[in-house]
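Structure record follows, encoded as structure tokens.
The values are calculated or read from the model by the stated rules, or taken from the named source; none is laboratory data. Small disclaimer: the values here were computed from a predicted structure and weren't measured. Glycine also receives a Cβ, built like all others from the backbone with ideal geometry; neighbour counts cover every protein chain displayed. Remember, those area values only see protein heavy atoms, side chains included, never the ligands or the DNA or RNA. Shrake-Rupley method; radii C 1.70, N 1.55, O 1.52, S 1.80 Å.
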Amino acid sequence: MGHKKVYIYRSFERFWHWMQMILIFFLGFTGFEIHGTYSFFGFEEAVIYHNIAAYMLVSLVVLAIFWHFATGEWKQYIPTKEFISAQIRYYIVGIFRNEPHPTKKTALSKLNPLQKLAYLGLKLLVIPVMVTSGLLYMFYRYPTQYGVESINIATLKYIAIVHTAGALLLVAFVIGHIYLTTTGEKVLTNLNAMLTGYEEIETDEEDNENLKENNSQQLSNQYD
Ligand code: HEM
């Protein structure tokens, strides 16, 4: 077993990840004030800030979609059946017995099978539901104003329920996500990788040659 430094997360990816974290955190913070959970900015200001952050998130999502298709990185999220039960067993049992991770991270395969599923669900379900219900929340009055009956929304009730349920799901995701970031080789290994782009990875001799190849390929891309 050796150790290799591998370039896993490119610069746009790290920017996108941390911007998304800040925006979702801020949207949650202002959103639950709008919901009435506590008072910090005051309702009206909270709404203004929530709207600004929402437009920023929509712009970031558009950029990220473009990046995923332009680089082909979207393929990282294609779900696989292999190793799913091994990964679940690892988080329930293996992790507490110091067993090795069932899958290895490489530049070409940076997500384990559970991450693929969770992140795909976030990208295809939770984020679109939040953006759609949020935009409906903002603009539901317009069809009514101009008498467009076919897209008339009589009440905000269901939109508010969906948007709040999505927000709670996101809070649960973030808590689980932060816990799981600590389950890398050392507590801060994964966090460090998302900050610097590089991660120290355990390798067998056989992997070393492949990693060298992937690494030089990725290094040539690092300034993309
Ligand atoms: C682009 C995405 C989003 C848009 C367009 C959006 C838009 C909105 C709007 C317009 C409101 C209602 C403000 C008012 O009452 O005037 C709202 C409420 C709220 N938002 Fe968002 N939002 C988005 C994302 C998020 C995210 C990511 C979260 C949580 C992490 C969140 C949490 C909330 C909560 C908890 C409320 C209060 C719901 C209620 O009690 O009725 N929002 N949002």
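None of Met21, Met56 is touching a Leu at 6+ places or on another chain (Cβ under 8 Å) and open to solvent by 30 Å² or more (accessible area, probe 1.4 Å) except Met56. Within region 173-188, the set of residues being aliphatic (A, V, I, L, M) and either within 11 Å of the ligand (Cβ to nearest atom) or outside any helix (DSSP H, G or I) (or both) comprises Val174, Val187, Leu188. Evaluating Thr71 against the criteria (1) surrounded by fewer than 14 Cβ atoms within 10 Å (Cβ to Cβ); (2) under 22 Å from the mean Cα position of the chain (by Cα); (3) at pLDDT 85 or above leaves one unmet condition, (1). If we scan region 101-113, do we find a residue that is at pLDDT 90 or above and either part of a helix (DSSP H, G or I) or within 13 Å of the ligand (Cβ to nearest atom) (or both)? Within region 101-113, none of the residues are at pLDDT 90 or above and either part of a helix (DSSP H, G or I) or within 13 Å of the ligand (Cβ to nearest atom) (or both).
Within region 35-49, the set of residues being open to solvent by 50 Å² or more (accessible area, probe 1.4 Å) and either under 20 Å from Gly166 (Cβ atoms) or under 26 Å from the mean Cα position of the chain (by Cα) (or both) comprises His35, Gly36, Thr37, Tyr38, Ile48, Tyr49. Among the criteria (1) in contact with a Ser or Thr (Cβ under 8 Å, 6 or more places away or on another chain); (2) under 24 Å from Glu185 (Cα atoms), the one Ile84 does not fulfil is (1).
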